[in-house]
Structures are given as structure tokens and as C-alpha cells.
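Q: Here it is, the structure in full.
The values are calculated or read from the model by the stated rules, or taken from the named source; none is laboratory data. All values derive from a computational prediction rather than experimental measurement. A quick note on method: Cβ atoms are made from the backbone with ideal geometry, for glycine too, and the neighbour counts reach across all protein chains shown. All accessible areas refer to the heavy atoms of the entire protein, side chains included, with ligands and DNA or RNA removed. Shrake-Rupley method; radii C 1.70, N 1.55, O 1.52, S 1.80 Å.
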Amino acid sequence: MPKPFNLQDKYFKKAKKLGYRARSVFKLDEIQKKFNVLELGMNVLDIGASPGSWLQYTRAIIGAQAKLIGVDREKIEPLDKDTIIIQVDILDEEIEKLIKDNQIDKFDVILSDAAPNTSGVRDIDHFASMALCQRVIKLTDIFLATRGSVVLKVFQGSDFAKFIVFLKKKFKQVNIFKPQATRGRSFELYIIAKK
Ligand SMILES: C[S@@+](CC[C@H](N)C(=O)[O-])C[C@H]1O[C@@H](n2cnc3c(N)ncnc32)[C@H](O)[C@@H]1O
């Protein structure tokens, strides 16, 4: 009897073995190795953070003293006593107040692995992903430090090129990256932008 797909997946097995909550951690690991976005002591906001593998990975790099907030509309099991978890839909305006309530003025890095529930219709999924990306960029306007970086997941589609042009006006450096750990058929990409 064949195993379900995700049990055969090498990244899934490796994540489980290493104690990470999701295989997504290997995408962030590839991004980190190539673009070096996270450093010891940086304050980080992780959007679309459930179940929490990016939070686990980030905490190990930034150290125990740095501030780390994870946001998701789904529940995130507590990580350590210092990591703040906020359960909210990022499209809800309330998120700004909920972040501000923690007295962290600016973040050195804003990560977003937020992804809509996929419908299987590529255009619908693309536009849902773009809505999340636009929201994350609005949050970077408020919360990203002057020399900060953002990592953003996006599902490719008709508005992608226009979005990159928009980002290039806002950020000094904009890179597009497809990690090996992204499943073959997936049309997701990551944008790594630095102010
Ligand atoms: C691929 S998962 C993130 C995995 C995570 N980076 C990790 O390492 O565990 C995408 C997440 O985006 C979240 N998400 C999607 N739309 C959202 C929204 N509008 N507000 C908050 N979270 C959202 C989903 O709930 C889901 O947990």
C-alpha cells in the first residue's frame, strides 16, 4: 500500500526527524543561506507563521534576547516563553494594533510565508496571494526598520510582473527565488527585498 504523498516527501521526513513543525523550514533555510536575511539580535515579525517551523528556525538564529512575533489566522502552538503569538487574519485592520500592543517599534526582518487555501484555479489562487502580499507590504510601511528586509511568498500570475515593478520602487534590492524545497509543480516563488 503506497504511503500518502507527504509521508514519502524527503523534506517532510527530514523536518520531522529534526523536530521542525513543517517542511517549509527548508525553504527558509535555502533563503537564509543565499540571502543572509536573519542575524543574531534581529527583531522579526513572521506572518502566516502556523504551525511554526519558520519561528523555530528564526529563533535559533536571532537568539533568545531578540523579539519575535508570529501571526496567523490559525492557531500556533506556543514556542518558547519569549515568542509572541498573535492569532488574527492579516486582512483585518486590527492586526496593526495587536502588533503595536507589544511595544516593538520596528522589525529588522518581516517574513511572510502566508498562502491562501488553494482552489486549484490558478488565477483565483494568484489574486488571493496578491491580496496577502499587498497587505504584508502595507505592514512593512508601518513596521519595517529603515534598513530592513522582507521575505514574501507569492503565487505567480498575471499581476506578478507589475508587483515586482512596484516593489523595485519601494526597495533598494529585489530578488526572486524558487527554493529547491518548493514542490515541483508549485507556482510559488519568494521575493527577498531589502531597503
Ligand atoms: C505555508 S503555511 C506557513 C508555514 C509556516 N511558515 C511554517 O513554517 O510553519 C501558510 C500559512 O498562511 C496562513 N494564512 C493564510 N492567509 C492568512 C490570513 N489572511 N491571515 C493570517 N494567516 C493567513 C495560513 O493559515 C497558513 O498557516
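Q: Can you list residue pairs whose Cβ atoms sit under 7 Å apart, with the first residue in segment 54-75 being free of Cβ contacts under 8 Å to residues at least 24 places away in the same chain and the second being within 8 Å of the ligand (Cβ to nearest atom)? Count only pairs 6 or more apart in sequence or on different chains.
A: So the pair list comes out as R73/V88; R73/D89.
Q: So Y11 passes all but one of these: (1) out of contact with any Phe, Trp or Tyr (no Cβ under 7 Å at 6 or more places or on another chain); (2) modelled with pLDDT under 95. Which condition number does it fail?
A: Just one mismatch for Y11, condition (1).
Q: Taking segment 134-150 only, how many residues are open to solvent by 10 Å² or more (accessible area, probe 1.4 Å) and in contact with a helix residue (DSSP H, G or I) (Cβ under 6 Å, 6 or more places away or on another chain)?
A: Summing the residues that are open to solvent by 10 Å² or more (accessible area, probe 1.4 Å) and in contact with a helix residue (DSSP H, G or I) (Cβ under 6 Å, 6 or more places away or on another chain) in segment 134-150 gives 0.
Q: Which of the residues spanning segment 31-51 are open to solvent by less than 40 Å² (accessible area, probe 1.4 Å) and assigned to a helix (DSSP H, G or I)?
A: Hits for segment 31-51 are I31, Q32, F35.
Q: Can you tell which of K172, K153, K178, K168 is open to solvent by 80 Å² or more (accessible area, probe 1.4 Å) and under 15 Å from the mean Cα position of the chain (by Cα)?
A: K178
Q: Given the residues I110, I104, which is the only one that is outside any loop (DSSP other than H, G, I, E, B), more than 12 Å from the ligand (Cβ to nearest atom) and in contact (Cβ under 8 Å) with a residue 12 or more places away in the chain?
A: I110
Q: When the residues of segment 52-94 are filtered to those that are open to solvent by less than 40 Å² (accessible area, probe 1.4 Å) and in a strand (DSSP E or B), which remaining residue is nearest to the ligand (Cβ to nearest atom)?
A: Looking at residues that are open to solvent by less than 40 Å² (accessible area, probe 1.4 Å) and in a strand (DSSP E or B), I get D72.
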